[in-house]
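Student: Handing you this structure, nothing more for now.
The values are calculated or read from the model by the stated rules, or taken from the named source; none is laboratory data. This one's a predicted model, so the numbers in the text were calculated from it and none came from an experiment. Every residue, glycine as well, gets a Cβ built from its backbone with ideal geometry; the counts of neighbours run over all protein chains shown. Accessible surface areas use protein heavy atoms only, side chains included; no ligands, DNA or RNA. Shrake-Rupley method; radii C 1.70, N 1.55, O 1.52, S 1.80 Å.
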Amino acid sequence: MAINIFNLSILQADEEEGSFDDWIAHIKQLAKEKGISDETLSVSFENIERIERVIELDRKQPEFTLTLNEYLNNTVTKGRMNKGKKFYDEHNNLLKIISNEFKVQPRFILALWGIETSFGKFTGSFNVIKSLSTLSHDLRRRDFFTDELINALTIVDQGHINSDKMMGSWAGAMGQNQFMPSSFLNYATDFNKDNKKDIWNTQSDVFASTANYLSSSGWNYEQTWGREVKVIKEIDPEFVTTSAKSIEINKKIPEWINLGVVNLDGTKLPEVNIDAYLVYPEGDDGRKFLVYENFKTIMKWNRSLFFGISVGKLSDMIEYY
Ligand SMILES: [Ca+2]
């Protein structure tokens, strides 16, 4: 999924939810004003209902309690590596063409596909119009989910998918690369030229959409994501990135070498003059990573250091192990 939506905000005391039916009437009016057709609205809201399970899932966020190692054990598995390699073979020609066109290495397209949906296996079982209607009615992040609901209706209106086939996660992340509707509108790509951007069932559209997201977000084809490192000298804590927010303190790799950063096996880092960030996702005592600009691009997809590291690690395993 392309964003974190886990900021528990305090609800305004004077705000009230109002009835779900009134809310949907309001959404329809809003969508109409945005130019969405009556037909799309009547079909999309034909069987509309509030899904309580969506609210339940919104209120509990299991990822928070995992350590990095637990997180990686769940996301970067041998099974995923093997599947990634198998799909790399199977789709080799297509991946080469897309990789060349968008300037993104295939292993990152595969890794995101693997992490997001286990290579298209688990794409979510919620109707996106229903889950976004539920979340936009709820007060916790009403504005955000209202925008995404209007975006979802726009996608239906453009004819890319029927509303009853528009499936995704409880939070509205859709298809094999779990794009939120806003990401879909910005980055989804009709690679097989059938006039539908289909991230649910068309493999070339899925790969090209992921590649387009990365390349439009600043991907550098000449570089990789980063690496796990050791730090053998005392280092100024000011230089260290410990949360997704502060990933701004960059130095060139040769400077990091002087500051005592080495490969995990103790060998010297390559003396390449590129920007890098020293990341301690779990503080001083945890694992340490030196990451490059592409890591920041992966974090535009999902602003979590754990997520970025898992994508990077899986991409390495698919290509090199
Ligand atoms: Ca297509």
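Student: Could you list, in sequence order, the residues of the range 184-198 that are among the hydrophobic types (A, V, I, L, M, F, W, C) and either more than 11 Å from the ligand (Cβ to nearest atom) or touching a Cys at 6+ places or on another chain (Cβ under 6 Å) (or both)?
Tutor: Correct list: F184, L185.
Student: What pairs can you find where one residue is in the range 261-290 and farther than 19 Å from Q223 by Cβ and open to solvent by less than 20 Å² (accessible area, probe 1.4 Å), the other is part of a strand (DSSP E or B) and modelled with pLDDT under 95, and their Cβ atoms are less than 8 Å apart, with a gap of 6+ or different chains?
Tutor: Y280/V240; Y280/T241
Student: Sticking with this structure for a sec: Can you pull out the residues in the range 31-48 that are open to solvent by 50 Å² or more (accessible area, probe 1.4 Å) and not in a loop (DSSP other than H, G, I, E, B)?
Tutor: K32, E33, D38, E39, S42, V43
Student: List the number of the failed condition for S243; all other conditions in (1) of a type outside the set (V, I, T); (2) away from the ligand (no atom under 16 Å from the Cβ); (3) buried (at least 19 other Cβ atoms within 10 Å of the Cβ); (4) under 21 Å from the mean Cα position of the chain (by Cα) hold.
Tutor: So the condition that S243 fails would be (3).
Student: Looking at this structure, is D143 assigned to a loop (DSSP other than H, G, I, E, B) and open to solvent by 30 Å² or more (accessible area, probe 1.4 Å)?
Tutor: So D143 fails the test.
Student: While we're looking at this one, here's another question. May I ask you to list the residues in the range 196-226 that are open to solvent by 20 Å² or more (accessible area, probe 1.4 Å), over 17 Å from S315 (Cα atoms) and of a type in the set (G, A, S)?
Tutor: The answer is S216, G218.
Student: Still on this structure, please answer the following. Output the residue which, of all residues in the range 199-228 that are closer than 15 Å to D275 by Cβ and touching a Leu at 6+ places or on another chain (Cβ under 8 Å), is farthest from the ligand (Cβ to nearest atom).
Tutor: Within the range 199-228, the match that is farthest from the ligand (Cβ to nearest atom) is R227.
Student: Examine the range 246-260 for a residue that is out of contact with any Phe, Trp or Tyr (no Cβ under 6 Å at 6 or more places or on another chain), open to solvent by 20 Å² or more (accessible area, probe 1.4 Å), of a type in the set (V, I, T) and in a loop (DSSP other than H, G, I, E, B), and state whether such a residue exists.
Tutor: no
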